[in-house]
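See structure below.
Bear in mind that the values in this text are calculations on the coordinates, not laboratory data. No experiment lies behind these values; they were computed from the predicted model shown. A quick note on method: Cβ atoms are made from the backbone with ideal geometry, for glycine too, and the neighbour counts reach across all protein chains shown.
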Amino acid sequence: MVNLDRILSVVSELRRRLLRILYVLAPLFGFLVTFQLRFFRFSFVTLGLTGAYPYPSLFNNVTAQVFRALVAWMLPAHVELLNVGVADSVVVQMEIAALLTLILGMPWIVHEVGAFLVPALRSNERELLRRIGIPASALFAVGTSLGFAYWTPLTFTLLFRYVNAMGLTPVLGVQDFISFALLYSFAFGVVFELPVFLYALTRLGIVKAAYWRQHWRAAVIGSLIFGMIITPDNSGITMLLIAAPMIALYFAGAWFAARWENRDQPIRPHAVGA
């Protein structure tokens, strides 16, 4: 009976935390699909600045503005986008809104997840969570930003050069474009979490730093497999473009793990790779 009460208490707390997350994300999602940002110029002292204010717009909303910005930034100018399916444009707006909601709401999500987990953590695990929280969020933001700003446009440029070399018309479906752009860019955010993951496992005494060094070949193969799975196309180019930084980040994480372990910290005897 005591165990049942404990389980019900955990489930109730989980439900409360999920609802608190939903109370923030749902209005944010609704704002993105029902408002647009109207920009204006104004002067402050001697500076010319740009401001924005929200204005109701069901069709030309924030997601549509973001979509046009992604097209202008990522695709070569000669590529023509087509709305192949009847509802493609609606699905695209929903996908963009979902990703923006996830990114903008991530600090609140992390806060609520941390508040749910902290009571069950030991003191050293709580300390680790506090130490890696900001670096993990920063690395995710950097990885996703690099994916949007550099790697994804570079990938589109390389792939459409093959199209031009074969004398084909560069045409792309809007659903294919946004699925590739969002998933590929988001994957870089996930990849940039790898050093934090390696460091955390070593610091908790679960995996020794020597284990990461000894199994680097498996990490390389795993990075290639991850790149093959996560990329929505069938070309080896996209796989290599995402696997290469992942391999570099693996070695960076192994180096940080070894550096911490060399500080004469006690290692648990059951650690993997002992």
Karplus-derived 3J(HN,Hα), 6.51/-1.76/1.60, for each residue of region 98-110, Hz, glycine and proline x = 5, 5, 4, 4, 5, 5, 5, x, 4, x, 5, 4, 4
Most fluctuating of LEU14, LEU159, LEU47 in the GNM of the chain (C-alpha, under 10 Å) is LEU47
Go through region 43-56 residue by residue and turn each phi into a ³J(HN,Hα) via Karplus (6.51, -1.76, 1.60, θ = phi - 60°); whole Hz please, and just put x for glycine and proline.
-> 9, 10, 6, 10, 9, x, 10, 10, x, 8, 9, x, 9, x
Among TYR184, TYR162, rank each residue by its count of other Cβ atoms within 10 Å, from fewest to most, as a rough exposure measure.
-> TYR162, TYR184
Net length gained if the chain between LEU117 and SER145 were fully extended (0.36 nm per residue, minus Cα distance) | 7.2 nm
Cα-based Rg then Dmax for the chain, in Å, read 22.7, 72
Non-local amide H neighbours of GLY173 (under 5 Å, H modeled in plane, Pro and chain starts lacking H): which ones?
-> LEU82
Taking only Cα atoms and a 10 Å spring cutoff, compute GNM fluctuations for the chain and point out the largest among ALA165, ALA258, ALA69.
-> ALA165
Cβ-Cβ FRET estimate between MET106 and LEU22, R0 fixed at 22 Å, reported to 0.05 | 0.90
Work out how much length MET228 to LEU204 would gain on full extension: take 0.36 nm times their residue separation and subtract the Cα-Cα distance, in nm to one decimal.
-> 5.6 nm
Tell me what the chain gives for mean residue ellipticity at 222 nm when only DSSP H runs of n ≥ 4 count, each as -39,500 (n - 2.57), the sum divided by the residue total, rounded to 500 deg cm²/dmol.
-> -23000 deg cm²/dmol
Within region 68-95, what residues put their amide N at less than 16 Å from the label point 7 Å along the Cα-to-Cβ vector of VAL171?
-> 78-86
Cα-based Rg and Dmax for region 2-41, where Dmax is the largest Cα-Cα distance (Å) | 18.2, 63
Region 112-175: Kirkwood hydrodynamic radius (Cα pairs, Å) comes out at 15.6 Å
Determine the shape class of region 1-99: with a ≥ b ≥ c the square roots of the Cα gyration tensor eigenvalues, call it rounded for a/c under 1.5, and otherwise prolate if a/b is greater than b/c, oblate otherwise.
-> oblate
Who wins for biggest fluctuation among GLY105, GLY147, GLY236 in a Gaussian network model of the chain, springs between alpha carbons below 10 Å?
-> GLY236
The farthest towards the positive end of the charge dipole of the chain, of the residues ASN61, LEU249, LEU204, given +1 on Cβ of Lys and Arg and -1 on Cβ of Asp and Glu, is LEU204
